[in-house]
1. Under 7 Å between Cβ atoms, which residue pairs at least 6 apart in sequence (or on different chains) link something in the range 333-346 that is open to solvent by 70 Å² or more (accessible area, probe 1.4 Å) with a partner that is modelled with pLDDT of 85 or more and of a type in the set (Lys, Arg)?
2. Just one of (1) assigned to a helix (DSSP H, G or I); (2) open to solvent by 10 Å² or more (accessible area, probe 1.4 Å) trips up PHE251, so point out which.
3. Kindly indicate the residue of the range 309-328 that is in a helix (DSSP H, G or I) and aliphatic (A, V, I, L, M) and also most open to solvent (accessible area, probe 1.4 Å) among those meeting that condition.
4. So, of the residues in the range 279-308 that are open to solvent by 10 Å² or more (accessible area, probe 1.4 Å) and among the hydrophobic types (A, V, I, L, M, F, W, C), which turns out to be modelled with the lowest pLDDT?
5. Could you tell me which numbered condition ALA161 fails, if it satisfies all but one of (1) closer than 23 Å to TYR327 by Cβ; (2) among the small types (Gly, Ala, Ser); (3) open to solvent by 30 Å² or more (accessible area, probe 1.4 Å)?
6. Can you pull out every residue in the range 164-182 that is surrounded by 20 or more Cβ atoms within 10 Å (Cβ to Cβ), part of a loop (DSSP other than H, G, I, E, B) and at pLDDT 95 or above?
7. Which of the residues spanning the range 254-278 are open to solvent by 60 Å² or more (accessible area, probe 1.4 Å), under 24 Å from THR68 (Cα atoms) and touching a helix residue (DSSP H, G or I) at 6+ places or on another chain (Cβ under 6 Å)?
Amino acid sequence: LAGTLSDAYASDVTIAGLASYPALMLAQLVNILEEMRAKVLRIALELAPYGQLRSSLVVQFCRYFTLTHSHADYRLQEHEAIDEDFHNSQFGIVLIDSYGSLLKMLQHIDHLYCSYEQLIVAVDFEGVELNRHGPLCLVQMTIHDNPALVYVLDIHVLKRACNPFELASPGGISMKFILEDNAKILKLWFDPRNDVDALYHQFGVASQNIYDLQLADVALRRLNGDHAQRVLSLQNCLLNCEGLDDTQKGFAETIKQWGKRLFEPKEGGSYKVFQDRPLRDEILIYAAHDSRYMRVLYDCYRSKLDLCNPAWSMWVAQHSTERSLWYRSQEYVRPSAEAPIMSLHM
């Protein structure tokens, strides 16, 4: 059994490590059971025409997905485990809704933290009118070692047992540590204000070392002669990004329309859809999509700002830090769509 568990963890942990940290062994047992459950589901789907139930069954019982899409259509393919097709995919999704799968991800990040001088992690959050009063439901995260892979943490499910941000690997890596680290882990965020407010007041997490992509877009537009008095949405920034091809931009527009239909009350939607379980295909894809392309935005923005005038990057860093402290206000403050003022000497 120990050999099987060690093989499943590959290079991240040894048999001795499993023995010295029993939680890892329990976590991997959970992962093995989840993979077995996915295999049973695959057989059941082949034998019985579940029709409309298929989508909910897949998301309920599978944890690994790949996404292929055109401008407006998509195919979400489930996988029993991280196989070759999953590994080679340009858009992979790992759904984490058990402490076993969460600990496995943290163990991987623990290994990366010891191997790199800096980690770049893109994060995004979904919830019901998310702030200190609106519950956090999902966390999406992409790590720089594989920017095509998105981890979707189902906080709505995980928090039923205990605080999912406190669970730590043997090396001390937890979600709280990742978000609060101010030394090696740079967090790419798109307007962190409501997110950090929710993280601190609901889970006691004070996020640091944030690079706000929304502010980077403001800086770049002003650099190009636009007054940029108001900030843009993430979807609009993706549509303007030179690093995305026409198909990716077309699907970003589709995602934008999904958001209006699913969440906005004026369109008949509700943010409570993030609390529905099992997750709908569209919710899983919507959540993963934003995090998937944040690194692309970062590379585009950072290279241009640093090339033209590093002072613009310094301005982004300064105001990113200010936004990371949004949770400190005694009462909740709704974020404004007005962009921060740019100093005249810039």
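The values are calculated or read from the model by the stated rules, or taken from the named source; none is laboratory data. Quick caveat: nothing in here was measured; it's all calculated off a predicted structure. Counting neighbours? That spans all protein chains shown, and the Cβs are built from the backbone with ideal geometry, glycine included. What goes into the accessible areas is simple: the full protein's heavy atoms, side chains included, and nothing from ligands, DNA or RNA. Shrake-Rupley method; radii C 1.70, N 1.55, O 1.52, S 1.80 Å.
1. From the range 333-346, the pairs are GLU338/ARG230.
2. (2)
3. MET314
4. Result: CYS308.
5. Unmet for ALA161, out of (1) closer than 23 Å to TYR327 by Cβ; (2) among the small types (Gly, Ala, Ser); (3) open to solvent by 30 Å² or more (accessible area, probe 1.4 Å): (1).
6. Residues satisfying the conditions are PRO164, PHE165, ILE173.
7. Across the range 254-278, the qualifying residues are LYS260, ARG261.
Okay, residues lined up against (1) modelled with pLDDT of 90 or more; (2) assigned to a loop (DSSP other than H, G, I, E, B); (3) surrounded by fewer than 20 Cβ atoms within 10 Å (Cβ to Cβ); (4) in contact with a Lys or Arg (Cβ under 6 Å, 6 or more places away or on another chain):
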position: VAL58; (1), (2), (3), (4): no, no, no, no
position: THR66; (1), (2), (3), (4): yes, no, no, no
position: PHE86; (1), (2), (3), (4): yes, no, yes, no
position: GLN90; (1), (2), (3), (4): yes, yes, yes, no
position: LEU95; (1), (2), (3), (4): yes, no, no, yes
position: LEU106; (1), (2), (3), (4): yes, no, no, no
position: ILE109; (1), (2), (3), (4): yes, no, no, no
